[in-house]
Amino acid sequence: MALASTIFTVFAVLSSLLLIYLLGRRNEGSVRRDWDMLLTPQGEKLYRMIEGRVHNEMALADMTYDEAFSVRELGSVDDAKQLLDLGYKVIEKFSPNMMRLLAAMASFSRMVSAMAPVTPLRPRDFKLAQIVSLAYLNGLLHQFLVSTAERYRLRLYILGRSFALGSRYLLDSTQRIIQGEPEADREWEQIQAIREDFQTLTDESLESLKALLTSLAAERREDVLRRL
């Protein structure tokens, strides 16, 4: 009887925790949808402007890397190396720009009293092991932070660190290929993985930007939007 009672108690506790978790996820999604409705036309215009600039820079990098991979398939190794180097130069400018944007967003997030809720990064969305680890860290620390503002700035920090890591590993792989080091095929695969991670990081950064603009709009901080 004692064993049966213990099992029943454990089952009840686990069931309650699962229910609370599911309700929390459901409520969190509902709250985010409510916040999204607060974005003003001015905020939407600013978001589209920044989104356009970011996508244009990513499109330039993608075009260069796509050409590098195509030329490599045709056997023009030297041309492929030159295109790889050119693609890295584009990312070399793009990544710091994104990190500066994230830093500015973190600063402006301190100007609002209520921050729109955000979710932590999902490890399954990334390829590079080091960025996957950062995403796991984001999920873990997210649970220990109480305020949405703290969770938001944590997300921005993880995104910034991920951009820096991705750039570093992209440079390493590019240099190994250009220098003709062994196992070049593996480096090409890693470059492709990092490209995909950069796209995911960019999308998540833009989603964070929308959360900031929504929070500023909720408090009618059009003055801050102009500064952005």
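The values are calculated or read from the model by the stated rules, or taken from the named source; none is laboratory data. Note that this is a predicted model, so its numbers are computed, not measured. Cβ placement follows ideal geometry from the backbone for every residue including glycine, while neighbour counts extend to all protein chains displayed. The protein model used for the area step is the full one, side chains on, heavy atoms only, and it has no ligands, DNA or RNA in it. Shrake-Rupley method; radii C 1.70, N 1.55, O 1.52, S 1.80 Å.
A few comments on the model shown:
- Pairing residues of region 175-192 that are touching a residue at least 12 places away in the same chain (Cβ under 8 Å) with residues that are open to solvent by 50 Å² or more (accessible area, probe 1.4 Å) and part of a helix (DSSP H, G or I), at Cβ distances under 6 Å and at least 6 apart in sequence or on separate chains, gives Glu187/Arg176.
- First in region 60-71 and more than 15 Å from Ser95 (Cβ to Cβ), second anywhere and crowded, with 16+ Cβ neighbours inside 10 Å, Cβ under 7 Å, 6 or more apart: Glu67/Leu83; Ala68/Ala80; Ala68/Leu83; Ala68/Leu84; Ala68/Gly87; Val71/Ala80; Val71/Leu83
- Looking only at residues in region 97-118 that are open to solvent by 40 Å² or more (accessible area, probe 1.4 Å) and either free of Cβ contacts under 8 Å to residues at least 60 places away in the same chain or among the polar types (S, T, N, Q) (or both), the one that is nearest to Thr200 (Cα to Cα) is Asn97.
- When residues of region 147-187 are limited to those that are within 23 Å of the chain's Cα centre (by Cα) and of a type in the set (Gly, Ala, Ser), the one most open to solvent (accessible area, probe 1.4 Å): Ser147
- Qualifying residue in region 128-143 (condition: crowded, with 21+ Cβ neighbours inside 10 Å and in contact with a Gly (Cβ under 7 Å, 6 or more places away or on another chain)): yes
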